[in-house]
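Down below is the structure, laid out as structure tokens.
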Amino acid sequence: MKSKDDGKSWIELSAYSNPDEVAYKDVHRLLIDPGDADKFYLATGEGMYRSDDGGVSWAHLTFRGDRMGYPDFLYFDPQDTGILYTGGSYRNPGFWMQAGLAESSVLRTTDRGASWEELDNGLPKPIIGAFEAMAMDHWDGGMMLVVGTATGEIYTSEDRGASWQCICDETAPVSKDDHHMPFMTPEERKTLRERATA
């Protein structure tokens, strides 16, 4: 939704979506260029989109099944809005339940989404649990990226994703809703459900 009158009225920016899509209007994240409010990026269950005209038209940058087909997080580089970082998976949570892994990743683009580079030095291959949380902190001369997984690991990078360190691997699952369930054994899922209904 977009308002041009301080919220008195709204229009839906839906040109990116198609009712035939599996994840119709499954919006995960919107990132607006601080220097130009007509330029923004949208992470959805059908991939990533970019608009350069305030949402009138959209370029479909990544697609379901691509390495970043299910993006969940978006951040501008603090020094250049042409550089973006994104975290997510290539498929949706239903697929994680079937496969037992999410194969999550962090990617970077330096050309506004035309091409992407995977930033995986120091991360497990494959990553079992989905990246369910991602944050960025920045300061004069530096920045940090942090990701948390649905299997309880926390990874950090202080060199713009060039390398990662696991700072904790024994936290509770970092998870939205039941997104940690695909990475549990059937016995663990049964125990969890029994506790929830007791």
All conditions in (1) in a strand (DSSP E or B); (2) buried (at least 19 other Cβ atoms within 10 Å of the Cβ) are true of Thr156 except (2)
_Condition (residue is in contact (Cβ under 8 Å) with a residue 60 or more places away in the chain, surrounded by fewer than 17 Cβ atoms within 10 Å (Cβ to Cβ) and over 13 Å from the mean Cα position of the chain (by Cα)) applied to region 110-128: is it met by at least one residue?_
no
**Asked** So is Phe76 surrounded by 14 or more Cβ atoms within 10 Å (Cβ to Cβ), outside any loop (DSSP other than H, G, I, E, B), in contact with a Gly (Cβ under 9 Å, 6 or more places away or on another chain) and not basic (Lys, Arg) or not?
**Response** yes
- Message: Taking the criterion of being modelled with pLDDT of 95 or more, buried (at least 19 other Cβ atoms within 10 Å of the Cβ) and of a type in the set (Val, Ile, Thr), would at least one residue in region 81-102 satisfy it?
- Response: yes
If you go through Lys190, Lys176, the only one that is assigned to a helix (DSSP H, G or I) and not hydroxyl-bearing (Ser, Thr, Tyr) is Lys190
Of Arg91, Arg64, the only residue that is closer than 16 Å to Phe131 by Cα and of a type in the set (Lys, Arg) is Arg91
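Only one of Arg108, Arg112 is among the basic types (Lys, Arg) and part of a strand (DSSP E or B); which?
Values: Arg112 fails: part of a strand (DSSP E or B).
On inspection, the qualifying residue turns out to be Arg108.
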When restricted to Ala135, Ala102, the only residue within 23 Å of Phe183 (Cα to Cα), part of a strand (DSSP E or B) and aliphatic (A, V, I, L, M) is Ala135
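The values are calculated or read from the model by the stated rules, or taken from the named source; none is laboratory data. Model, not experiment: these values are computed from the prediction. Here the Cβ is made from the backbone with ideal geometry for all residues, glycine too, and neighbour counts use every protein chain on show.
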